[in-house]
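Chemist: One structure follows; several queries about it will come next.
The values are calculated or read from the model by the stated rules, or taken from the named source; none is laboratory data. The structure displayed is predicted, hence computed values, not measured ones. Here the Cβ positions follow ideal geometry from the backbone for every residue, glycine too, while neighbour counts run over all protein chains shown. Side chains included, ligands, DNA and RNA excluded: accessible areas come from the protein's heavy atoms. Shrake-Rupley method; radii C 1.70, N 1.55, O 1.52, S 1.80 Å.
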Amino acid sequence: MESKPLLSHRGRVWLMSPLGALNRWMGQRSRWLILVGSLVLLWWLQRAANLSAIAAGIAIFLFGLFFLEQGFSQLASVRWRKGIRRWTSSLPHAVGFGAVAAVMTQSSALVGLLTLSFLSARMIEFVAGIGILAGATIGTTSGGWLLAAWGLKVSIGQYALPLLVLGMLLISMPRWGTRGIGMVISGGGFLFLGIDYIRGGFTAISSVLVLQQLALPGWNGLILCALAGMLVTLVLQSSHASLLLVMVALNTGQLDYDVALALTLGINVGATSPVLLGAMNSSIEGKRLAWLDLGFKMVTMLLCLVLFYPFRWFTDRLGDLCGLAESELALRLALYHSLFNLLAVSWMLPLRHRLTMYLQRWWPEHRSRVAVQARYLDRVVAAHPATAEQALLRELLHLLMHCQDTTARAMLGLSRQTMLAHAAVQTVRLGEDLPSVSHLYQQTIKPLFGEIIRFAALCKSTMTQEQGERIDSLVAIARSMTEAVRLERQLQANLLEVFAAEDPLLVQRYRGLQHRLLWLQQAIHALMTSQELQPHYLSRLESMAARIDVESKRDREDIEWLIRSDKLDAIAAATLMHDVLTLRRLQRQQIKATRCLLTTIFQQQNGNSSQLVEWLNAEEQLGLKLVA
């Protein structure tokens, strides 16, 4: 058997490049490098006690942000999935949703990654994703105001320990929602503790080292400071942590006001790095959104650097109008941070529709010609229970479409559209050219089923037991669909032999099996697209199963009559009997998968069938584009 390459063409080219050689060299020595680097870092932090306090404060602050993100991700898993379409139905709703989410979670990265997962799961449109990201850009400025107005003026370290005790008690509770609240409270405690450590460390080193002495004068210094802000945020993966460092350094006299402003420009651009890294494993629309966010903030940073002093003058005048004293530099920095983000959003939103059109043209979706790929599953979606279940459900509809296409082409010699369009089953002229079921299974069904299994394993690691059981039930539905196609492989082999032998009696019987398979595909499709689906789908599926049993019994009686009449020899009769039973098992598997799929959809959508019809129509449109 020919083995598949472990890497894509791009991956193989990268490994042969100089960077790939460097990566291999580091991979072979990574353990020693990590060990030596850790020992050097520990030695250096032990020698510099004040810097050790700042480093510990950053680590604790980042740990608090991680707790906040995990807690809100758990609390939002169900409510966000059910209300996301309603909350992002218009641009003001989408912007408001992103702003409120960023204010609540104090993490634009979390909101951005959730937006990528919503896009990958096709729960929102691309334009709505732009609105959410714009709202998160506005909402994340609240963190700067909180740090400047309260975090640097109040001794908040004394509140950290009670919050940590309460949070850890709630985390130990068995209920998932209570654990989420506990993680949010603990995250707040770690944030307070980290801020207190950082402020104490900067106060201690102010008499030994002044960071301002390291800054270059003039435009070169401003540009280098902006690049330094981007680099620090890229390393810390948190704009809040970077902004906190700048504010504390500014408040303790370590940095000049202009240097702090330039660093803030870089921090705003570096804040896109978590979303960019998440987009690497996201869908094509997620990649478009992440690069669009980076592009707007980069252009805005360049504009602010070119107009640095006029923009600073405008910020100072606005600060005077707001009653900010000249000594309150941290609050003026927060105002500058807010104005930058508002400027980026103010010219991104009016161009959203034109940008969507240009991005689709400049960055088209390249589909693999070798094997079908999952349409809604990626690592970004798997990381968030809020979207994983619905993404998997929509991927099942994608798998169903390909199973129907395989049945139409390989068993009936028709296209899927032709198979579902004919009203009278017996009058349909079946095709003679039947491609191999095994080949279609390897090219379409097996890759999709494999990605479904992989996705389920990834997303269950962040779910409760109840959520994991629902994921297992969806995987079981996919298994029933693929099992039906595997049974078609057995049936097709004998079907082709009979057509090649041209025995009129057997050809007539096998044509009858084909027409029964065609009838079931049309019946299931008509059921799933029915306007009054929910109240009657179980009874209609039961009537289909009853008809299958009656026809199977009639086939067995017909075969026995042919044997008694000496019109069929024992070998041909055994083969035909086996294929009749295979067809019955195949149809039973399809009915079982349909029943479980519809039941799951109605449980998620509270009995509303309009969402199913919308998803099916979307799959039809995407299927037509693939055919074209």
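Chemist: Evaluate the stretch 168-179: report whether one residue or more is under 30 Å from Gln604 (Cα atoms), modelled with pLDDT under 75 and not in a loop (DSSP other than H, G, I, E, B).
Modeler: Yes, because at least one residue in the stretch 168-179 is under 30 Å from Gln604 (Cα atoms), modelled with pLDDT under 75 and not in a loop (DSSP other than H, G, I, E, B).
Chemist: Tally the residues that are of a type in the set (S, T, N, Q) and without any contact (Cβ under 8 Å) to a residue 12 or more places away in the chain, restricting the search to the stretch 563-597.
Modeler: 1
Chemist: For His536, work out the one condition from (1) at pLDDT 85 or above; (2) within 27 Å of Arg394 (Cα to Cα) it doesn't fulfil.
Modeler: Of everything listed in (1) at pLDDT 85 or above; (2) within 27 Å of Arg394 (Cα to Cα), His536 misses just condition (1).
Chemist: Please go through (1) open to solvent by 50 Å² or more (accessible area, probe 1.4 Å); (2) within 29 Å of His402 (Cβ to Cβ); (3) of a type in the set (Phe, Trp, Tyr) for Tyr537 and return the number of the only condition it doesn't satisfy.
Modeler: It is condition (1) that Tyr537 fails.
Chemist: Do you know which residues across the stretch 86-118 are over 19 Å from Thr141 (Cβ atoms), open to solvent by less than 10 Å² (accessible area, probe 1.4 Å) and of a type outside the set (A, V, I, L, M)?
Modeler: If the condition is that a residue be over 19 Å from Thr141 (Cβ atoms), open to solvent by less than 10 Å² (accessible area, probe 1.4 Å) and of a type outside the set (A, V, I, L, M), then Ser117, Phe118 are the ones that fit.
Chemist: Ok, one more. For the stretch 265-287, does any single residue satisfy the condition of being assigned to a loop (DSSP other than H, G, I, E, B), buried (at least 22 other Cβ atoms within 10 Å of the Cβ), at pLDDT 80 or above and polar (S, T, N, Q)?
Modeler: Yes, the conditions are met somewhere in the stretch 265-287.
Chemist: Shifting gears a bit: Among the numbered criteria (1) touching a Phe, Trp or Tyr at 6+ places or on another chain (Cβ under 6 Å); (2) open to solvent by 40 Å² or more (accessible area, probe 1.4 Å), which one does His439 miss?
Modeler: Of everything listed in (1) touching a Phe, Trp or Tyr at 6+ places or on another chain (Cβ under 6 Å); (2) open to solvent by 40 Å² or more (accessible area, probe 1.4 Å), His439 misses just condition (1).
Chemist: Right, Val232: surrounded by fewer than 24 Cβ atoms within 10 Å (Cβ to Cβ) and closer than 30 Å to Leu119 by Cα or not?
Modeler: Answer is yes for this residue.
Chemist: Could you tell me whether any residue of the stretch 480-497 is polar (S, T, N, Q), buried (at least 16 other Cβ atoms within 10 Å of the Cβ), within 29 Å of the chain's Cα centre (by Cα) and under 14 Å from Gln590 (Cα atoms)?
Modeler: Yes, that holds for at least one residue.
Chemist: Does Leu255 meet the test of being touching a helix residue (DSSP H, G or I) at 6+ places or on another chain (Cβ under 6 Å), at pLDDT below 85, buried (at least 24 other Cβ atoms within 10 Å of the Cβ) and part of a loop (DSSP other than H, G, I, E, B)?
Modeler: yes
Chemist: Find the residue count for the stretch 289-313, including only residues that are part of a helix (DSSP H, G or I) and more than 17 Å from Thr272 (Cα to Cα).
Modeler: Residues meeting the conditions: 10.
Chemist: Turning to a different aspect of this structure: Could you please let me know if Met357 is at pLDDT 75 or above, in contact with an Asp or Glu (Cβ under 7 Å, 6 or more places away or on another chain) and open to solvent by 10 Å² or more (accessible area, probe 1.4 Å)?
Modeler: Here the answer is no, as Met357 does not meet what is asked.
Chemist: Restricting the search to the stretch 297-311, which residues are more than 26 Å from Gly135 (Cβ to Cβ) and touching a residue at least 40 places away in the same chain (Cβ under 8 Å)?
Modeler: Phe308
Chemist: Can Leu505 be described as surrounded by fewer than 18 Cβ atoms within 10 Å (Cβ to Cβ) and in contact (Cβ under 8 Å) with a residue 40 or more places away in the chain?
Modeler: When the stated conditions are applied, Leu505 passes them.
Chemist: Looking only at residues that are of a type in the set (S, T, N, Q) and open to solvent by 40 Å² or more (accessible area, probe 1.4 Å) in the stretch 549-604, which one is modelled with the lowest pLDDT?
Modeler: Gln603
Chemist: Of everything in the stretch 389-440, what is in a helix (DSSP H, G or I), modelled with pLDDT of 80 or more and of a type in the set (Gly, Ala, Ser)? Give them in sequence order.
Modeler: Ala391, Ala408, Ala410, Ser438
Chemist: Considering only helices (runs of 4 or more DSSP H) fully contained in the stretch 68-121, which possess at least 1 residues that are at pLDDT 65 or above and among the hydroxyl-bearing types (Ser, Thr, Tyr)?
Modeler: 91-105, 108-120
Chemist: With (1) in a helix (DSSP H, G or I); (2) modelled with pLDDT under 85; (3) closer than 21 Å to Ala148 by Cβ as the list, and Leu318 as the residue in question, which single condition is left unmet?
Modeler: (2)
This table checks each residue for (1) under 22 Å from Thr264 (Cβ atoms); (2) at pLDDT 80 or above.
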{"site": "Thr141", "(1), (2)": "yes, yes"}
{"site": "Gln158", "(1), (2)": "no, no"}
{"site": "Leu163", "(1), (2)": "no, yes"}
{"site": "Gly194", "(1), (2)": "yes, no"}
{"site": "Ile198", "(1), (2)": "yes, no"}
{"site": "Ala241", "(1), (2)": "yes, no"}
{"site": "Leu245", "(1), (2)": "yes, no"}
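Chemist: Can you name the condition, by its number, that Val154 falls short on among (1) modelled with pLDDT of 80 or more; (2) surrounded by fewer than 23 Cβ atoms within 10 Å (Cβ to Cβ); (3) aliphatic (A, V, I, L, M)?
Modeler: Val154 satisfies every listed condition except (1).
Chemist: Another question about this same structure. Within the stretch 450-462, is there a residue that is crowded, with 16+ Cβ neighbours inside 10 Å, touching a Pro at 6+ places or on another chain (Cβ under 9 Å) and not aliphatic (A, V, I, L, M)?
Modeler: Yes, because at least one residue in the stretch 450-462 is crowded, with 16+ Cβ neighbours inside 10 Å, touching a Pro at 6+ places or on another chain (Cβ under 9 Å) and not aliphatic (A, V, I, L, M).
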